[in-house]
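Down below is the structure, laid out as structure tokens.
The values are calculated or read from the model by the stated rules, or taken from the named source; none is laboratory data. Computed from a prediction, not measured in an experiment: that's the story for all the values here. Quick reminder, even Gly has a Cβ in these numbers, built from the backbone with ideal geometry, and neighbours come from all protein chains shown. Surface areas here come from the heavy atoms of the whole protein model, side chains and all, with no ligands, DNA or RNA. Shrake-Rupley method; radii C 1.70, N 1.55, O 1.52, S 1.80 Å.
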There are 2 protein chains.
Amino acid sequence: MGSVQDRKKRQLAEREQIFLDRAWSMIQREGLLNLQMARLASECEYSVGTLYQHFSAKEDLLVALATRSVGSRLELYRRAADWQGPTRHRMLAILLADILFAQKEPEYFRLAQYVSTHTVWMSASEERREAALLASVPIADAVASVVREGVSRGDVDPRGMSERELCSGLWSMSEGMHMLVSAAGLLEAHSVPRPYQLLVTNTHALLNGLGWQPLQPLDDPEQQNALLEQIMTEVFPDFSMATCPVVSPTDSE
Amino acid sequence: MGSVQDRKKRQLAEREQIFLDRAWSMIQREGLLNLQMARLASECEYSVGTLYQHFSAKEDLLVALATRSVGSRLELYRRAADWQGPTRHRMLAILLADILFAQKEPEYFRLAQYVSTHTVWMSASEERREAALLASVPIADAVASVVREGVSRGDVDPRGMSERELCSGLWSMSEGMHMLVSAAGLLEAHSVPRPYQLLVTNTHALLNGLGWQPLQPLDDPEQQNALLEQIMTEVFPDFSMATCPVVSPTDSE
DNA sequence: CGCCAATTATGAATCAGATTCAAAAAACGT
DNA sequence: ACGTTTTTTGAATCTGATTCATAATTGGCG
């Protein structure tokens, strides 16, 4: 039967991964700007033509890369979503996952941002774009599951909003803050230091506004910090608290 | 004295405006992707070299363009900020200004997004980037003035936050939503329709969470809508309510 | 006005790098 | 082993940004 076809398909997929692996390491080493198709091909010991058998254009490859990176992102989100804490704290854990990932993989965020630009996005192939959209669904699902539980436990009143809609504020706010952070100099120019700490505070405000229990006082940095530390310890023990851009380096000696 | 120098400087500035005007109209006509330096030069009846006397690179020109567009944006923001309404409603008016502008000038938003990408941003010249940052200050000032008044009137308790920090949530949330909207298919894939209406609701939640008076009930679309219509009428009478992506087309016949 | 030095404009030439495609090689089935 | 189909190859092409030697213009001055 089609076993030959199968093997070929498998080999093709393997090679695609090789291309993506190498492309990613090149980007991490030399930046997005310096990724060259010809060099990528030769570093993988294939010809340019072969590379183009996989990706219809450079942008296509970039979208594929961004899509792939979603995997490691998902792992963090799931940890946050699966953690056994109050739903509201889990929402915060999800935000933290997002922030930690952005810290750990800054180059990935630049890629994701670049790729979701209209210009770049539209230069990728239709299929690639669809695959990218599809890949982001599990992440949204993880978040939605927490929302669902929050609603069913009565921690938050959906007021007719769907699960996706209920977390859209959080989503857009973190997305936007990442964007502002990555535009070098922008926040400094507007004297907004510690953007991610601010993001946490704003998130508390938003969740309070949605009436998500238990409400958090906004004027108690101590308590906010304690909660963050708890989440860091329980959910992300493998991340150093010291490098976490959110937990403030106050007191503690 | 330096009158000759002055004239030269003036002529140079005029020519730069011509380049920018034409570049903008080309982009609006044919999209960001199709802007070509050589064609731009010839359409302006100058040589390529002359064009490069003004802009160190294509990206440099794009940043200049994005910077320039801030002007018309500012006008809307100021209207919102100067409007004589409760400070909370003025914050909403600012959000509306942002949304209306994004609707009216979709190509500008693509440009702004593209330009604030790390890759593109860093390809522009230092001076150009600084000018861009500087240009955004008046907008932030307009917003900050409303925040200041809100605080001084006692509509909102700053809880130690600066004016800039107090509106950072609104800023990042709208920025983020624009971003999500412009990534074609993303919101549809996550079944989030009417993104801007959602943005308004989330903004109400955020402002409620900050305790910004008068609080708005989140579960009363009628009232939300009435408020939006009032702002549209009083502040943005030159924008058609029909095309406004926020005021919902409910009832009314 | 005519001339020289300095400044500015020009656009053909160069360069960078993505993409294509005719030819060569490898794989397949018989 | 052989003809056919599929895959790979990389030199050639193409696109478009950027440079820079040359030409033109300008301002100043006798």
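Taken together, the criteria exclude residue A:14 from residues that are open to solvent by 70 Å² or more (accessible area, probe 1.4 Å), under 30 Å from residue A:231 (Cα atoms) and part of a helix (DSSP H, G or I). Selection of the stretch A:138-152 for residues being open to solvent by 40 Å² or more (accessible area, probe 1.4 Å) and either acidic (Asp, Glu) or within 13 Å of another protein chain (Cβ to nearest Cβ) (or both) yields A:138, A:141, A:149.
Of B:20, B:76, which residue is surrounded by 13 or more Cβ atoms within 10 Å (Cβ to Cβ), more than 14 Å from DNA strand C (Cβ to nearest atom) and in the same structural domain as residue B:116 (by TED's automatic domain parsing)? Can you show your working first?
Details: B:20 fails: in the same structural domain as residue B:116 (by TED's automatic domain parsing).
When all the criteria are applied, what remains is B:76.
For the stretch A:216-237, the candidate set comprises residues that are open to solvent by 60 Å² or more (accessible area, probe 1.4 Å) and facing chain B (nearest Cβ under 9 Å); within that set, the residue that is farthest from residue A:89 (Cα to Cα) is A:219. Mind checking which residues of the stretch A:31-50 are open to solvent by less than 70 Å² (accessible area, probe 1.4 Å) and within 14 Å of chain B (Cβ to nearest Cβ)? The answer is A:31, A:32, A:35.
Condition check ((1) more than 15 Å from DNA strand D (Cβ to nearest atom); (2) closer than 27 Å to residue A:118 by Cβ; (3) not charged (D, E, K, R)) across all residues:
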residue: B:32; (1), (2), (3): no, yes, yes
residue: B:57; (1), (2), (3): no, yes, yes
residue: B:104; (1), (2), (3): yes, yes, no
residue: B:112; (1), (2), (3): yes, yes, yes
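Against the conditions (1) at pLDDT below 95; (2) more than 15 Å from the chain's Cα centre (by Cα); (3) more than 7 Å from chain B (Cβ to nearest Cβ), residue A:178 satisfies every one except (2). Taking (1) closer than 17 Å to residue A:107 by Cβ; (2) within 10 Å of DNA strand D (Cβ to nearest atom) in turn, residue A:38 satisfies each apart from (1). Do we find that residue A:22 is among the basic types (Lys, Arg), closer than 24 Å to residue A:110 by Cβ and either touching a helix residue (DSSP H, G or I) at 6+ places or on another chain (Cβ under 6 Å) or within 8 Å of DNA strand D (Cβ to nearest atom) (or both) in this structure? Yes: the conditions hold for residue A:22. Filtering the stretch A:103-131 to residues that are closer than 15 Å to residue B:188 by Cα and facing chain B (nearest Cβ under 9 Å) leaves A:116, A:129, A:130. Only residues that are open to solvent by 70 Å² or more (accessible area, probe 1.4 Å) and not in a helix (DSSP H, G or I) were counted across the stretch A:1-11, and they come to 1.
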